[in-house]
Structures are given as structure tokens and as C-alpha cells.
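Q: Just dropping this structure here.
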Amino acid sequence: MTSPVEIACLALDEAPLDAAEGAAVVFVRPDGSLGPAASAADEATGGAVSRLVASKGFRNKPGDAAVLAFPSGLKADRLVVAALGETAADARRAGGAAAGKLASAVATVYGDGAAEIQAEIAFGAALRLYDFDAYKKRDEETADDKPRRLRFATETPEAVAKLSKPHAALAEGVFFTRDLVNEPANVLTTDDFAARLGAMGELGLDVEILGEDELAKLGMRCLLAVGQGSASESKVVVMKWMGGRPGDAPLALIGKGVVFDTGGISIKPAAGMEEMTMDMGGAGVVAGVMRTLALRKAQANVVGVVGLVENMPSDRAQRPGDIVKSMKGDTVEVINTDAEGRLVLADVLWYVQETFKPAAMVDLATLTGAMIIALGHHTAGYFATDDGFAAQFEKACKDAGEAAWRLPLGPEYDKALKSRLADMKNTGGRPAGSITAAQFLKRFVKDGTPWIHIDIAGVALMKEGSDLAPGGATGWGVRALDRLVRDYER
Ligand code: BES
Ligand code: MN
Ligand code: ZN
């Protein structure tokens, strides 16, 4: 796993700009003016910051950051100048964009704006400086060093440190998700995944791990059918955080945890198959949210339930044409063993409703390639049965700075699932592949349970990275769902 960057808040006189080593980061305000630290940097460099800001190369738009290398008058090797923007989200992005320009072991960020804004800058930097380096030896020769310690210099170190506390819990949840998603499938087996979740008992979560015998007793034959070709045991892990009023129905979070998706007997093409280590991304987000809730001692009742399986071809694997019975009792004709996520989720959704009678349910899954075609890697697609719940979720996404777009459900799409032999088939053909997958899930949601399904196939992983994450796992959804949980706190 990764060691997250350590951020120390310092008073300005403890971190004078002219003595800063490595890199120094300063910010430009939206009107182009310079705060105290940026002005000091401008003065020390004989006006280099003003000239940069006046140049065409710097537009002062959110996410803009530029490097002045070996600035004269400063000890630092780089002076990073970033656009602060107007809002908290802009400031978070500014911190991330600036952090993306760092290439030394030490760096000092000079905050600007209100303490809340400065805490967002630090949060953005922390998110961007995450690094999954568990399997790489450090090359001392290369220049692509990243700071493991960030000094955050500010006029109000106590206030910024205090406001950063909830961000630290969130960042830890996001990093937990990213680590899980980045791990290869030979390391993150179903057993290893379950063990990592079990270890969260130390944080006060109540974690229960159900193995194949228990799942068979419960009748989760759809989920078990997906995992039956694998040498790793299929598991369902229940994580409970009951920080709300006793007796209040919980919010349920459900995740698809396919630790590797070969497609099964309906095997996937070789090119790009290595990306299917991220097919447990939904379960990863649920785990990250539960971690954050425990760390910040959230005053809400939330159950996180994940279905952990590996979809492998073997002599014991399920075949196309097999008919399996779900826990609900409906039968499914398996047309394509690569449409496995919905089989896993069908049983977990039913189990959660029968066991916890949740106030509302959200599931997350890297469910369909069609979602990547529809929305790409910047926006998740979601489906909802309840407009009020959808509005609440949209607001949470907006606050968290994570984009999601609603797609329709409807009986016309459901028709595509009609089977000649069973109650339904597990694929609906090429048209509207993400919607027919959602319709499949909806068959396992009881009337009266507000439900949101989020297809995170595009957003769980971003090869190129963004201002708030390096290339690889994004942790998309941890911040939005943590925000959604706040609506349920007492
Ligand atoms: N895990 C995949 C979906 C996926 C594809 C996620 C690419 C991330 C990137 C899922 O299990 C799958 O294989 N879906 C099939 C469904 C089809 C067989 C109906 C798909 O999208 O092709
Ligand atoms: Mn698949
Ligand atoms: Zn899959």
C-alpha cells in the first residue's frame, strides 16, 4: 500500500519564502492580483511572477499552474504559480494542479484566501500527491520525485489544520479505494480483499465475512455462479457503521467486487484485459466510504455490502445457456458470462433488503463498457427510482466536485431482458447496454426502496490522471457518497 503525503501547517515566519528549499508554491487571485506570499515571490524574483501572470501562457483559469525554474533571488529550484479561482472547488483544484508540478522531495505551499479556502488547497494537493508505488523501486537518478512531506505555510496555521481534519478522513478513504483498485488481481484476491475489510474492525466498524457455504444457504446462486470457475472463494462482506439514532433504518451502499473479470467462458479479447483488475471498483468505493465514516465518526447508520468474486473460465465455470436461480427466487438465463456484475449485484441487493430493510440503497459498479462510450471518463452515469433521492445525490456530487449524469429507466428497455426459458436473461443486446443492465438490477429492488445505481465503468480509472489524482484509480464517488451520508446524520 501507499504512504500518503504528510502535510504540516506552519506559520509564515517558520517558513520564510527566501529560505524555502525544493519547491515553493504561490497563488494568483482571480482578478490577477497577488496575495502576500505571491507578492513576496514577485519581489524576490525581480517581477517574474507579474510577468508570468501578464503573459499569454498563463490564463488564470481554474487548474492553471506554471513553473518558474531556478528562480533568481530564491533558494527554491522551482516556483510554482497557480490560479486560485473563486470557489472552494477551484481552490481544491488549484492545490492539486500545483502539486502536479512538484518534482522534489520537499515543497512549501504558501496558502492564500480564507482558512476554508486554504484547507481546500491543502486537500487538493494531498489528493494529487497520492502515489501507488508499492511495486516500483525508487530511481534516485530520475527527476520525477514527488514530495512525501508538504509544508503548508499560512498566516492561520491552527485554523487551517483544524479545518483539514475532516479532509484527512476523506483523503484516507479515497486512498484506501485507490489502493484497492490499483492492486493487481494476484495480490487482491477475494480472500485478501475480505481480509483488508476485516481489518477495518479496528476502526470500530462491525465487519462480517460470509463465505461460499453461507452464501449457498442464503440462496445466492447467481453470485456463486459467477465465482464458481475461480480458485478463490466467493465472499460477501458486510461493513456496519451505526453512528446514528438506534433503530433508524440504515442507508445501504452496495458494491460490485469482481477482483478480476476475464469474461469467463465468454472470454474477453486479450488487448486491455489487464484493466479488469479495476472491476472491483464499486466495492472499493464502498470500502473507502465506510473507512471515512469510521474515521470521522459519522453520526449516521450506514451498511456497506460488497460481493467479492473472480470471473474465470475453467472446467467448473458457468457456461452460456446455464440457468441459475437468484436469492429472490427469479431464474436467470446466462446468455453471456461476461455480463457477470449484474448477477453478483442482484443477489447482494436482495440480501441487503431482506436483512437490513434500508431507508435507501445506492449501488456502485463498473458494470458496462457502454457507459464509457456514452460518458467517457469524466462523468459517471446514474439511474434512480426516486426523484427526491436523485436530487439529493446530485447535490452531493456537486458539493464534492464529482460529476454524475442521470440516465433513464423504463419498461420499454426492460423488454430486452425477456428469456425464452427463464424469468429473464442476463443481457439485453447492444442498444442501450448500460440501461438494460440497470433494468436487470431494478428487478431486484423492492417497490418503495429508493434506489440509485451508479455505473462507474468510465470514472473508476483514468489513465492520464487529473488535477486531483495521478494516472490510475481515481476513488471517484468516495467524496460524493460521504457528502450524501451527511444528509442522514442526526
Ligand atoms: N466489467 C465489465 C464492464 C467494463 C468494461 C468495465 C470496460 C470497465 C471497463 C462488465 O462485466 C462487462 O464485461 N460488461 C459487458 C456486458 C455485455 C456482455 C452485455 C460489456 O460491457 O461489454
Ligand atoms: Mn464482464
Ligand atoms: Zn465486470
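Q: Order these by the 10 Å Cβ neighbour count, fewest first: I373, I456, I265.
A: Listing I373, I456, I265 from fewest to most nearby Cβ atoms yields I373, I265, I456.
Q: Compute the Cα gyration tensor for segment 6-158, then decide on rounded, prolate or oblate, letting a ≥ b ≥ c be the square roots of its eigenvalues: rounded whenever a/c is under 1.5, prolate when a/b is larger than b/c in the other cases, and oblate in all that remain.
A: Taking the square roots of the gyration eigenvalues as a ≥ b ≥ c, segment 6-158 is rounded.
Q: Among 164-172, 211-219, 110-118, how do they line up from the highest to the lowest mean number of other beta-carbon atoms within 10 Å?
A: 110-118, 164-172, 211-219
Q: Please report, to two decimal places, log10 I(q)/I(0) for segment 171-486 at q = 0.13 Å⁻¹ as given by the Debye formula with identical point scatterers on the Cα atoms and no solvent.
A: Log-scaled intensity ratios, in q order: -0.85.
Q: Further question: I want the antiparallel fraction of DSSP beta bridges within the chain, as a percent rounded to 5.
A: Expressed as a percentage, antiparallel bridges in the chain total about 40.
Q: Run a plain Debye calculation on segment 417-459 (Cα atoms as equal point scatterers, no solvent) and give log10 I(q)/I(0) at q = 0.25, 0.26, 0.27, 0.31 Å⁻¹, rounded to two decimals, same order as the q list.
A: Calculated log10 I(q)/I(0) at the listed q: -0.97, -1.00, -1.03, -1.13.
Q: Taking the Cα centre of segment 301-366 as the origin, how large is its charge dipole in debye, to the nearest 20, when only Lys and Arg (+1) and Asp and Glu (-1) carry charge on their Cβ atoms?
A: Around 180 debye, computed over segment 301-366.
Q: Give me the percent relative contact order of the chain, please, defined on Cα pairs under 8 angstrom at least 6 residues apart.
A: Reported relative contact order: 15 percent.
Q: Separate question: Could you calculate the FRET efficiency of A114 with D191 from 1/(1 + (r/R0)^6), where r is the beta carbon distance between them and R0 is 41 Å, rounded to 0.05?
A: 0.30
Q: Moving on. Would you mind putting 272-285, 425-438 in packing order, based on average other-beta-carbon counts within 10 Å, highest first?
A: Peptide ranking by packing, descending: 272-285, 425-438.
Q: Nothing charged except the Cβ atoms of Lys and Arg (+1) and of Asp and Glu (-1): what's the magnitude of the dipole of the chain about its Cα centre? Round to the nearest 20 debye.
A: Approximately 920 debye in magnitude.
Q: Given a Förster distance of 22 angstrom, what is the FRET efficiency for K162 paired with E489, based on the Cβ-Cβ distance and rounded to 0.05?
A: 0.70
Q: What distance in nm separates the two pseudo spin-label positions at E354 and M273, each 7 Å out from Cα along the beta-carbon direction?
A: Taking the simple label geometry, E354 and M273 are separated by 3.4 nm.
Q: Can you give the extra length, in nm with one decimal, that the chain gains between K297 and K56 once fully stretched, where that is 0.36 nm per residue apart less the Cα-Cα distance?
A: Between K297 and K56, full extension yields an extra 82.0 nm.
Q: Still on this structure: Can you tell me which of 8-18, 149-159 comes out highest on packing, and rank the rest after it, using the mean Cβ neighbours within 10 Å?
A: Put in order of decreasing packing, that is 149-159, 8-18.
Q: For segment 404-490, report the % of Cα-Cα distances exceeding 18 Å.
A: Cα-Cα pairs of segment 404-490 separated by over 18 Å account for 59 percent.
Q: Stretch I373-K325 to full length: gain in nm at 0.36 nm per residue minus the Cα-Cα span?
A: Stretched fully, the I373-K325 segment lengthens by 14.1 nm.
Q: While we're on this one: Once label points are set 7 Å from the Cα along Cα→Cβ at both E43 and R420, what is their separation, rounded to one decimal in nm?
A: 8.4 nm
Q: How much FRET efficiency would the formula 1/(1 + (r/R0)^6) give for K446 and R149, where r is the Cβ-Cβ distance and R0 is 51 Å, rounded to 0.05?
A: My answer for the efficiency is 0.50.
Q: With the dipole of the chain worked out from charges on the C-beta (+1 for Lys and Arg, -1 for Asp and Glu) around the Cα centre, which of L205, T355, A432 lies farthest toward the positive end?
A: Most positive-ward Cα: A432.
Q: Separate question: From the square roots a ≥ b ≥ c of the eigenvalues of the alpha-carbon gyration tensor of segment 234-353, which class results: rounded (a/c under 1.5), prolate (a/b over b/c), or oblate?
A: Oblate is the answer for segment 234-353, as a/c is 1.5 or above yet b/c matches or exceeds a/b.
Readers should treat all values here as calculations from the given coordinates under stated rules, not as data from a laboratory. Because the structure is a prediction, the values reported are computed rather than measured. A quick note on method: Cβ atoms are made from the backbone with ideal geometry, for glycine too, and the neighbour counts reach across all protein chains shown.
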